[in-house]
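First up is the structure itself, then whatever we jot down about it.
The values are calculated or read from the model by the stated rules, or taken from the named source; none is laboratory data. Since we're looking at a predicted model, the values are computed, not measured. Because the Cβ atoms are built from the backbone with ideal geometry, glycine has one as well, and the counts that use them run over all protein chains shown.
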Amino acid sequence: MTPIDMNTSPQDGYLVGKKQAWFAFAMTFALMMFDYIDRQVVASLFPHIKAAWNLSDKELGGLVSIISIAVAVGSVPVALLADRVSRVKSVVVMATTWSLATISCMFAGNYAQLFTARALVGAGEAGYGSVGAALISSLFPKQLRGALLGGFFAAASLGSVIGVVLGGVIAAHWGWKAAFGVVGVPGLVLALLYMLVRDYKTVELSPKLEQATSSVKGTIRHIFSALARIPTLLWVCLGGAMQLIVISAIWSWLPSYLNRFHGMAPDAAAKHAAVVILVSAAGNVFWGYVVDRLALRRPRNKLTSLAVLCVITMLVFLVAFSSWSSGAAQIRLILLGSFFMTCTLGTVSGIVIDVIHPGMRSTGSAVLALFQNLLGLAIGPILVGALSDIWGLQQAMEAVSLCSVLAAIFFVFGARCYDQDVRKVEGIRVDALAAQPA
């Protein structure tokens, strides 16, 4: 068993050895990356699938949105199980499930079969972001939380980049169905290796909390009660979801936008879109660090800073997708907007961890995931698709950027109650789980 310095605060020090903590981060990061490779590979395949099956933009958007809906439905039950049983074992099962479901997409013979297979991918991914965030937050010092979670969720951007590029390249050489088979295999390997990750001990709940969360029905009731008792949780969930509408719209539709409005071939459009997503990943880590520094003396500055960054996101994208913006100047503006738009990804997860009981961290993060997937990631792609069928893709992208101002408003409300909610859970101890015998 790795010794733990008992003189170090469990909130401010490493819960396990540094090497083990960073190994856990690396493995969790890698699986998050493949989570999003499997999700986003379909974005660069839109032109091929549209041509093969004569689909509308709304139907194409549904192939992305169904994953987020499945994730939203399954997040809370999966995270509840992980909180009470094992985070590591839960991750192994999840990664195996979504990888096999991704591989099955290559055998789809029509839209309904592909849609069903994509739903199974989402079912496997349900709860992964929540459980991974809880594990990282518990193993590392509290002062690193925002930056590390920013890095963890930057894996989503990186995975989206790789998925989009691979999808375009593989489809150009071997057909679009082959792309699903290629990206699904590595997740199976990582799932086996994840068994080597150190977990933390399941935190004992108070008798009242134990009884309240002993069933899915009771947990759902407790979640709504928590949203009422922890207003920061509610406002952060809403704010994060609104910003994710914008993020998911850009990630899902930019390859098609570049194909239609800039005349790029699907594989070239995928590569250009990948650069934009990569910039957004850098923004995720950068703003996670910056927001952490701005909050050192006044922690609620996390939320006010996010509000400002969301307003900037909206302004940049409104100009970028306006009717008079085109050519290289438009692409530069889209790059700038993408650098700002992911400011929320890691930070909102850290804020939820700040205000939730340590014994319910995975479940608390799952509440965030439910909002983000159902009200954010699920809405963005299909909303743009539906608006595009009516107005055209450029006007749809411009309209959806307005969601960022809603995010800013919710974060301002959250800042007003953050300090009070943090005080409710201060001083609750978290301990490491004993190392598994070799």
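Name the residue, out of THR28, THR8, THR97, that is closer than 22 Å to GLN143 by Cα, of a type in the set (Ser, Thr, Tyr) and at pLDDT 80 or above.
Of THR28, THR8, THR97, the one residue that is closer than 22 Å to GLN143 by Cα, of a type in the set (Ser, Thr, Tyr) and at pLDDT 80 or above is THR28.
Output the qualifying pairs, or none if there are none: Cβ atoms under 6 angstrom, residues six or more apart or on different chains, first residue in region 283-296 and among the hydroxyl-bearing types (Ser, Thr, Tyr), second residue buried (at least 17 other Cβ atoms within 10 Å of the Cβ).
Sorted first by the residue in region 283-296, then by its partner, the pairs are TYR289/ALA147.
Is there a residue in region 336-350 that is surrounded by fewer than 24 Cβ atoms within 10 Å (Cβ to Cβ) and among the hydroxyl-bearing types (Ser, Thr, Tyr)?
Taking every residue of region 336-350 in turn, none turns out to be surrounded by fewer than 24 Cβ atoms within 10 Å (Cβ to Cβ) and among the hydroxyl-bearing types (Ser, Thr, Tyr).
How many residues are surrounded by fewer than 20 Cβ atoms within 10 Å (Cβ to Cβ) and within 21 Å of the chain's Cα centre (by Cα) when one looks only at region 87-114?
6
Just to be sure I understand the filter: pairs with C-beta atoms under 8 Å, separated by 6 or more residues or on different chains, first member in region 127-148 and of a type in the set (D, E, K, R), second member at pLDDT below 80 and surrounded by fewer than 24 Cβ atoms within 10 Å (Cβ to Cβ). Which pairs pass?
The qualifying pairs are LYS142/GLN11; LYS142/ASP12.
Would you be able to tell me the number of residues in region 13-58 that are over 27 Å from LEU188 (Cα atoms), among the aliphatic types (A, V, I, L, M) and surrounded by 20 or more Cβ atoms within 10 Å (Cβ to Cβ)?
The qualifying residues number 1.
Answer yes if at least one residue in region 377-390 is free of Cβ contacts under 8 Å to residues at least 40 places away in the same chain and surrounded by fewer than 24 Cβ atoms within 10 Å (Cβ to Cβ), and no otherwise.
Within region 377-390 (the criterion being free of Cβ contacts under 8 Å to residues at least 40 places away in the same chain and surrounded by fewer than 24 Cβ atoms within 10 Å (Cβ to Cβ)), the answer is yes, since at least one residue qualifies.
Show me the helices (runs of 4 or more DSSP H) entirely contained within region 149-250 in which 1 or more residues are modelled with pLDDT under 90, farther than 30 Å from PRO266 by Cα and not small (Gly, Ala, Ser).
Hits in region 149-250: 207-212, 216-229.
Give the residues of region 379-438 that are modelled with pLDDT under 90 and among the basic types (Lys, Arg), sorted by residue number.
ARG423, LYS424, ARG429
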